[in-house]
1. Looking at this structure, is B:ILE265 over 23 Å from B:PHE850 (Cα atoms) and either touching a strand residue (DSSP E or B) at 6+ places or on another chain (Cβ under 8 Å) or at pLDDT 85 or above (or both)?
2. List the residue pairs whose Cβ atoms are under 9 Å apart, where the first residue sits in the stretch B:57-86 and is within 14 Å of chain A (Cβ to nearest Cβ) and farther than 18 Å from B:LEU844 by Cα, the second is part of a helix (DSSP H, G or I) and among the charged types (D, E, K, R), and the two are 6 or more positions apart or on different chains.
3. In the list B:ARG789, B:ARG793, which residue meets the criterion of being within 14 Å of another protein chain (Cβ to nearest Cβ), modelled with pLDDT of 90 or more and surrounded by fewer than 24 Cβ atoms within 10 Å (Cβ to Cβ)?
4. If a residue has to be more than 9 Å from every other protein chain (Cβ to nearest Cβ) and modelled with pLDDT under 85 to count, how many in the stretch A:39-55 make the cut?
5. Scanning the stretch B:923-942 for residues that are in contact (Cβ under 8 Å) with a residue 40 or more places away in the chain and open to solvent by 10 Å² or more (accessible area, probe 1.4 Å), which turns out farthest from the other protein chains (Cβ to nearest Cβ)?
6. So for the stretch B:518-530 (the condition being at pLDDT 85 or above, surrounded by fewer than 14 Cβ atoms within 10 Å (Cβ to Cβ), among the basic types (Lys, Arg) and part of a loop (DSSP other than H, G, I, E, B)), does at least one residue qualify?
7. Residues to consider are A:ILE79, A:ILE58, A:ILE65; find the one that is facing another protein chain (nearest Cβ under 9 Å), modelled with pLDDT of 90 or more and open to solvent by less than 40 Å² (accessible area, probe 1.4 Å).
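The values are calculated or read from the model by the stated rules, or taken from the named source; none is laboratory data. Because the structure is predicted, anything quoted here is derived from the model rather than measured. Neighbour counts are summed over all protein chains in view; Cβ atoms, including those assigned to glycine, are modelled from backbone coordinates with ideal geometry. What goes into the accessible areas is simple: the full protein's heavy atoms, side chains included, and nothing from ligands, DNA or RNA. Shrake-Rupley method; radii C 1.70, N 1.55, O 1.52, S 1.80 Å.
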Amino acid sequence: MALEPEYSPSDGRKWTETESWPKEQNGLTWMEKFTQQELPACKPILTPGLVITTLISIGIIFVPIGLGSLSASEHVVEIIDRYDDACVPSNGDDEAAKSERLSFIQNVKTNKTCIRNLVIPKKMKHPIYVYYQLDNFYQNHRRYVKSRSDRQYQSPRFERETKTCDPESEIDDHTPIVPCGLVAWSLFNDTYRISTENDPIPINKKDIAWQSDKNSKFGSNVYPKNFQKQDPVGGGKLNESLPLSEQEDLLVWMRTAALPNFRKLYGRIETDLEANENITVVIQNNYNTYSFDSKKQLVLSTTTWIGGKNDFLGKAYITVGGICLFLAIAFILTYVIKPRPLGDPAYLSWNLNSKER
Amino acid sequence: MKRYIYINHDDLAQDLYCDNRISNRKYTLWNFLPKNLWEQFSRFMNQYFLLIACLQLWSLITPVNPASTWGPLIFIFAVSATKEAWDDYNRYLSDKKANEKEVWVVRQGVKKLIQSQDIHVGNIVWLRENDEVPCDLVLLGTADPQGICYVETAALDGETDLKTRVIPSASMGIDFELLHKIKGVIECPSPDKDIRRFDANLRLFPPFLDNDMCPLTIKNTLLQSCYLRNTEWACGVAVYTGNETKLGMSRGIAEPKLTAVDAMIDKLTGAIFVFQIVVVIVLGIAGNIWKNTEAKKQWYVEYPNESPWYELLIIPLRFELLCSIMIPISIKVSLDLVKSLYAKFIDWDDQMVDLETRIRSHATNTAISEDLGQVEYILTDKTGTLTENKMIFKRCCIRGTFYGNENGDALSDAELLNAVSTGSTDVIQFLKVMAICNTVVPIQSNTGVISYKAQSQDEEALVRAAASLHMVFVNKNGNVLEINFNGLLLRYEVLDILEFTSDRKRMSVVVKCCLSGKIYLLSKGADEAILPLARSGQQTRTFSEAVEQYAQLGLRTLCLASRELDDDEYREWSLMFKEANSKLVDREWRVAEVCQRLEHDFEILGVAAIEDRLQDGVPETISTLRKAGINFWMLTGDKQNTAIQIALSCNFVSPEPKGQLLLLSGKTEDEVCRSLERVLLTMRITNTEPKDVAFVVDGWALEIALKHYRKAFTELAILSRTAICCRVTPSQKAQLVELLKSCDYRTLAIGDGGNDVRMIQQADIGVGISGREGLQAARAADYSIGKFRFLTRLILVHGRYSYNRTAFLSQYSFYKSLLICFIQIFFSFISGVSGTSLFNSVSLMAYNVFYTSIPVLVSVLDKDLSENTVMQHPQILFYCQAGRLLNPSTFAGWFGRALFHAIVVFVITIHSFVFEKSEMEEVSMVALSGCIWLQAFVVALETNSFTILQHLAIWGNLVAFYAINLIVSAIPSSEMHTIMFRLCRQPLYWTTIILITMAGMGPVLALKYFRYTYRSSKINILQQAERLGGPILSLGNIESQSRSLEKDISPLSISQPKNRNPVYEPLLSDSPSATRRSIGPGTPFDFFQSQTRLSSTYMRNSKDN
């Protein structure tokens, strides 16, 4: 065992001993031990036994955890469907196609309905989560993430607190926009309707936002005002008769993502979907992601204890565990092949050292 | 530049010169804030933080709430300012006390009691016995009819003996009452700080004696802060007042000392600053490019088309603010805190308490403890530092008979006691000289106990010894001395005193025996000043042999002699002496010449040997510290032989054949030059040999060498590990310190007297011994200790631990700042290089000043090795001396670790919390938790000994982190509302944290283990040896083995000098031809000297790397 508590550094104080202050080791109070820097201390050292045991146990614990989370991830059924390129008339890479796409999406009058057919690969047990995924969308951009006013959202009293919301703080006649700021202004507004064969599958959009947001962050008496009333119009519009706390899509959107690729909850499907079942998704493709290099995807996913499908954690656990085991074996081998006694005074010769150098 | 002072003239010169208000204050009430702020902002780090704080006020660029910088900044400044204000307030209080002290001053011809601060130049001040002198005075009258008074000047120069002061001849014999009305003018120089010079003239106005100008010297003055002793009263005219006194002028605010560690930290800070600027420029450019290419397309960001002129600067400035945490603001507070704790540990240390005086060690300067661990040169005073400065009469040789040789103490030598009781004339005459030939003042207390006040400790020792041999010097009544010899009262009238000067090296008195009327000349002095003056026919061989023998033993010797004078001879000489004494020009030289006319044909009575005992543990201390690779220089005002003897007896230099002394001497430039070259040559040759070479230099040669051959002398100083400088003045001591400092060595000066003050202030570390020569040195020093031997503990324990702890603490501070900063930088790459902060203001501030500062603060309790191990293996100090634990390469290690950990935290966080989990606040909190866990384990891994406090701080901090964040998460208005609750419920959070911790610590642990076991440093080996409890082969064992080995192979080298009697072997010839002289054997040579040499070169080499 490497942990050797040393309780008394005073054995053999040599020449100071004769005159040292009268003291008994055990008679010292805690304060005295502190002032004399003689608090009892445990002084572990890195013995081969300790280190190798630690590494092996890390390895032994990590590999199963890794396998467990990998299999959990395997059990998640996930359907990802990219629809942004399919739901616009032109798909070319040239400038003309791009501007055509842009004018299509920006024109309010065009019919943006788009129908996608998906096959369920495996049986999906409810609840099935419906997400929309945006790639290369910088919700974490500094200009964007700061452009909000939490106080305004909370209470009508702070309606005019829009200083931080620039450039979407107020409309021309200096009346404040509620909710102000770029984040709210750029609200995602694609909609999905899912049906099997001919039966519609209801998507439950209740309780998709955080309960805390509904309860305290967004006021139940704050109603949208002047929202999307001036050019340029950003994203979705809000129902002005509902308070902010009940605009759950807005609340989800306002929880900004830290990564440029993110998914946000659209709703839940409360029924199971069988394998090989064909489903149809009717998409209202309203949201503009065509001005920049982005992707829009619809995601249907089940969930397990680690959340959605994510192999990273499992692989990382196995890698770290493996490395630890490898290091442990390497250290055991070096210990067997080239043992080096700890604290050997032979290495201490100060003379030897200077010659070595 | 002169000033004319009109004595006792109330109207004149009132406003010309300042009043006597003393002020040691640095600030006034009005200038405190601006001046203090100005001083604080003269440090680079503070300017930097201020700039950052100001930039943060611009909300366009600030990533976080400005309060996160302003809060700590204001706190830090407030702490420093409060400390300064408190110190200044205390100075103000002590000034006030001195200023409001009441003194008697003549105003309008009447004595009045006024406050000290109202004294003006020209006022006549009256002092009574034991009064403190309030300002610099020219003495006008005393209670003594001879016009003499005694002063104690300890506060001024540290000398505790009494000095005599006389009134000027012009005011001699003026009646007590008339002194009130005295008028006159004093012409004196403008104030200066020379306490040994006062060249002025006095002229009294009628009706007082209106003779010519009366010259004034320092002997006619009473300087501020001296005490009047043994004199009923004295009065004088104020010449310098207030801060213009000699004391006030020499008082300077000592420059704050900066430790090597501080300098290194500043350097590293500079490097980090440069790195930061580079990062800012790169990211700033990248950010602007991204903005212009990508961000314009991101419609939701709504970049305006036209932008203000400073648009290009915004992103770089944002990154500057984001990266500003790279330089940890907490490091200053943490360092200040732990440094004051280091100082407290020194104050508290029970093993550094002087048991006799109960004086504790004290760290006056709390900021330089780390330097103690990096000392390379120790410059030590001899008397009172290495020795106890308790002069004790030990042996004597009277007319060829040695007393005290058997038992080492003449006072208990039966033979001598017998001789005294039988009344041997030689012995009695010898004792009489001991008792009479001095300037000692006996003071009889009420209880009848006689104590002596003497100018020199030697004289006091002689008088005491005489007293214990029944020749008691009872009383001094004017000029008549009373001696009680075995109950018989002898009276002697002192006719003249031929004073001691360093040129004459002897002093004599002419006394008349009141009984027989015979006149005697009694002398004592150095052998070379007395023995050649023996009467023809007297054999002085035995005396010179005695002197040699005593010097060999490290005793101070004095030769005593006497001569009976004829009445006529004396009368004739007396006239010449009076005449010489009244000369205005060349007085000293003339007096010396006249004295010489009387001092001849001596009857040599004998030699007295006085011991100045070494302090306890001095040889052990010196040998331990030399093993630790510290070089010793001895700087003493004492003479060469004594210095060398003391050096030998305290392991300072080793005797032959290991040691070798080279003499550097000469009276002229040429001689010194030749001598210096010779010494250098020898030094270069022997430097390769494992030999302990030291050089000896006296003050005169040193003066020339420093003036004309500074380069050569510097080379010598670097080559030589040991030096003995004798007969050096205080300013030369300071010059030598300066010389070593200019070669970039860390110097520690240790001394006890006023003459060491300059050296102590000059050195990197000044240590004062609170000894018998007053507290002057201790007060000026950074550390004061009671005994020389505490130096071992001060350096090896306190210095070493302080260095180790600061090295860890400072690098760790950078590590944790870099860690979080790297994460911010990485995050900027996935946030469109726009300068978004991943962490919120609260987290950032708490991370810097709380989560990461508390655990590391308890590293002040960390001990890598136990005190015993360090004491047994002092060589381990090399690691501190060479700065092995804090230098650019160790720092690079920490930098790398910060980078690695940042990558681990960042990569794992953004891959675990992807897609629907990538909510900003959550990701930020996961990354922050990862950092906190990692840093807890880093501290744990780097801690060598865990006391309960460390466990509490490290793991308690982790618990506190969660507690605090859970509390903050419970506050609805906070940005982090419910975040921590949500996270703690998720298994994903915990698996991620464990993964981060293990992925971060695993490789670090493995690397550390590998180096610990297979590339172990000496510290590691000693740790292993100490803690595995195996047999520690201590140095003692190795030492003894090697010694026996050495003895076997080197009989040749010691056989040669063996056939000469070591006692009579002269130590060191003074003749210039004998540059190399060996020291006789006798003490065992030290094997480890050679090893330290080697290791020290090794240490130097590695330092250069």
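1. No, not satisfied.
2. What qualifies is B:LEU60/B:ARG318.
3. Matching residue, one of B:ARG789, B:ARG793: B:ARG793.
4. 0
5. This residue is B:TRP933.
6. So the first thing to find is which residues in the stretch B:518-530 are at pLDDT 85 or above, and the list is B:518-525, B:530.
After this cut, where a residue has to be surrounded by fewer than 14 Cβ atoms within 10 Å (Cβ to Cβ) as well, the list is B:518.
With among the basic types (Lys, Arg) added as a condition, the list becomes B:518.
Keeping just the survivors that are part of a loop (DSSP other than H, G, I, E, B) gives B:518.
Yes: one or more hits.
7. None of the other options fit; the residue is A:ILE58.
Each row is one residue, and each column tells you yes or no for (1) free of Cβ contacts under 8 Å to residues at least 12 places away in the same chain; (2) open to solvent by 40 Å² or more (accessible area, probe 1.4 Å).
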position	(1), (2)
B:PHE275	no, yes
B:ALA295	no, no
B:GLU311	yes, no
B:GLU320	no, no
